[in-house]
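Report on one structure; see the data block that follows.
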Amino acid sequence: MNKRVPLLINGQFVDSKSAQTLPVINPATQGVLAEVPFATPDEVEQAIQGAAEAFKTWRNVPVPERARLMLRYQALLKEHHDELAEILAEDNGKTFEDAKGDVWRGIEVVEHACNVPSLLMGETVENVANGVDTYSNVQSLGVCVGITPFNFPAMIPLWMFPLAVACGNTFVLKPSEQVPLTAVRLLELFKEAGCPDGVVQMVHGGKDQVDQLLTSPVTKAISFVGSVPVGEHIYRTGTHHLKRVQCFAGAKNHMVVMPDADKNTVVNNLVGASVGAAGQRCMAISVAVFVGDSINWVDELKEKLAKVQPGYWNDASAGYGPLVSKAATDRVKAYIAKGIEEGATCLLDGRDCTVEGYPDGNWVGPTIFTDVTTDMTIYKEEIFGPVLVCMHAKTLGEAIELINACPFGNGTSIFTKSGAAARRYQHEIEVGQVGINIPIPVPLPFFSFTGWKASFMGDLHAYGKQAVRFYTETKTITARWPVDEAAGDQPNMTIAL
Ligand code: NAD
């Protein structure tokens, strides 16, 4: 019998009583790694109530002690870095190098959480009226919830629970049912670092379990990362139940290539940014907009892309891994077929890709389209595969207009040698994260991850100062203490202005 993925309830890794399970599958071999049980309503409720109970004491743990927990956790994550990368490479499929990056970007958020005493500082104005001071304290919220996608099994859970917990909250994590194994190890290590029982809980499942977390009167804040339709459902349901909600959703990221850019740099960066991680990154470049004569570089790009071969996670020569599931593979291949049917030119078609030794893998080779128009499905929708769409613009202004008309706004980049072009681009572009000669501009955790438009629903973004505000309440205190003139206190003064 396959191993069952445990829940984490009140500090104990336990087997669910549920008979509803899904296999966790290695996407390169179709081998079953484990069975993930969908938690019963009772189990989800136990997780929520346990987190609420733990909050009563956790909120009072001194802030430096919470920071020390994060320091211990950071050290353990570093110690187990490669082991975590191996776990996630097995069920997600990404290459070992990429998997190590996934873990490392998560560790960086934990490092940011070590800084929590400074992040929780309030504000003070003395003497706002005679003898009156006003100051604000930053306090924890209560039970927070995280719902995470398949494509970053380590980084995205680590975007959420360490900062929420460092801010004095307790947390219920619902990891992706496709890749739940990394989250188990992340939480085992958190327990080993000294996280008290009940402070973080974990349940598995899909819509039913998520809906229970969204509608519970106990949960206070919901962090979600995943696709647009699910994000919209979560945002609507969560806010309808008067919760604080942040949803990071799908994307269609454009790279603008100016004719003055260095051709080799552009081509090399586009290859990695478009098909790296099989295009399964929310910040992947899926549209290249060539301005002016730079469109002539497409042939060279095609040649470079044709040399990239996917492969098994531990094959150091593999450019990327398989798609996460058969369903994802069918979806990406259907988009390629649709692009051809709608009249785009497919310069490189990855649908017949095979990898020696892995006949059952979810392989799709690098794919590149030209002659694409904005009404085509392959332009309008997120493909989430190793497919690059190439467009042409006569001027930078035309490129900006094209990108600003796109409903998504997660990330974008421009490659140019012109400071003026770069400055105009960063100012005028309606996208939340901009790279200048950087293809995938994911900010480090002392900034925030600031997607815009359809790529984000909510107000406060992930990590950085914004996440600290998301996971806390501000309490503003106005205080007057009686003056004792007999004891020599100065009387209050006013001036007539
Ligand atoms: P998904 O939306 O299918 O699933 C995400 C989570 O939602 C999972 O935990 C899943 O169990 C849960 N879920 C699925 N259906 C649900 C429903 N009907 N109701 C409630 N919960 C449900 O996303 P995915 O396929 O795992 O991840 C890929 C998507 O995530 C892509 O669209 C990608 O762009 C996006 N993504 C966005 C960011 C970002 O920062 N903007 C980062 C990573 C991934």
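Coordinate-derived values only; no laboratory data. Note that the structure is a prediction, hence the values are computed from the model and not measured. For neighbour counting, all protein chains shown are included, and Cβ atoms are generated from backbone atoms with ideal geometry for every residue, glycine included.
Annotations for the structure displayed:
- Couplings for region 422-430, taken from phi via the Karplus curve 6.51 cos²θ - 1.76 cosθ + 1.60 with θ = phi - 60°, read 5, 5, 4, 4, 5, 7, 8, 6, 9 Hz in order; Gly and Pro are left as x.
- Phi angles across region 136-142 convert, under the Karplus curve 6.51 cos²θ - 1.76 cosθ + 1.60 with θ = phi - 60°, into 3J(HN,Hα) values of 10, 10, 9, 10, 6, 8, x Hz, Gly and Pro given as x.
- With Cα atoms, 0 to 90° folded angle of helix 155-166 axis to the chain main axis: 0 degrees
- With N counted as the residues of the chain, its alpha-carbon radius of gyration over 2.2 N^0.38 Å works out to 1.07.
- Cα long-axis angle, helix 181-193 against the chain (0 to 90 degrees, to the nearest 10): 30 degrees
- Amide H contacts under 5 Å for residue 388: 367, 368, 369, restricted to partners 5 or more places along the chain or on a different chain, H placed in the peptide plane at 1.01 Å from N.
- Compactness of region 1-55, expressed as Rg and Dmax over alpha-carbon positions, Å: 13.4, 43
- Region 68-179: Rg to Rh, with Rh as the Kirkwood radius over Cα pairs: 1.16
- Rounded to the nearest angstrom and listed largest first, the equivalent-ellipsoid semi-axes of region 304-440 from its Cα gyration tensor are 30, 18, 13.
- Modelled spin-label separation between residue 330 and residue 82, with each label point placed 7 Å from Cα along the Cα-to-Cβ direction: 3.9 nm.
- Residues whose amide H lies under 5 Å from that of residue 11, counting only those 5 or more places away or on a different chain, are 198; hydrogens are built 1.01 Å from N in the peptide plane.
- With N counted as the residues of region 1-153, its alpha-carbon radius of gyration over 2.2 N^0.38 Å works out to 1.39.
- Whole-Hz couplings from phi, Karplus 6.51/-1.76/1.60, listed for region 22-31; x for Gly and Pro: 10, x, 9, 10, 6, x, 8, 10, 6, x
- In terms of overall dimensions, the C-alpha atoms belonging to region 421-497 reach 70, 31, 21 Å along their principal axes, ordered largest to smallest.
- Near residue 173, the amide H atoms lying under 5 Å from its own belong to 146, 201, 202, 203; only residues 5 or more places off or on other chains count, and H is placed 1.01 Å from N.
- The residue among 358, 138, 450 whose Cα reaches farthest toward the positive pole of the charge dipole of the chain, with charges on the beta-carbon of Lys, Arg, Asp and Glu, is 138.
- Averaging over all projection directions, the Cα-based convex hull of region 391-433 occupies 3.0 nm² in the image plane.
- Radius of gyration and Dmax over the Cα atoms of region 199-276, both given in Å: 19.2, 57
- Panel order for 418, 317, by other beta carbons found within 10 Å of each beta carbon, from fewest to most: 317, 418.
- Per residue of the chain, the DSSP helices (runs of n ≥ 4 H) give a summed -39500 (n - 2.57) that works out to -11500 deg cm²/dmol at 222 nm.
- For the set 78/302; 207/252; 17/207; 174/465, the pairs lying more than 29 angstrom apart at their alpha carbons are 78/302.
- Pairs of alpha carbons in region 112-176 whose separation is greater than 17 Å (percent): 55 percent
- Rounded to 5, percent antiparallel among DSSP beta bridges of the chain: 40 percent
- Calculated translational diffusion coefficient of region 313-356 (20 °C, 1.002 mPa s; Stokes-Einstein with Kirkwood radius over alpha-carbon pairs) equals 177 µm²/s.
- The chain: angle of helix 41-58 to the longest principal axis, Cα-based, in degrees nearest 10: 50 degrees
- C-alpha center-to-center spacing [region 383-452, region 221-255] in angstrom: 22 Å
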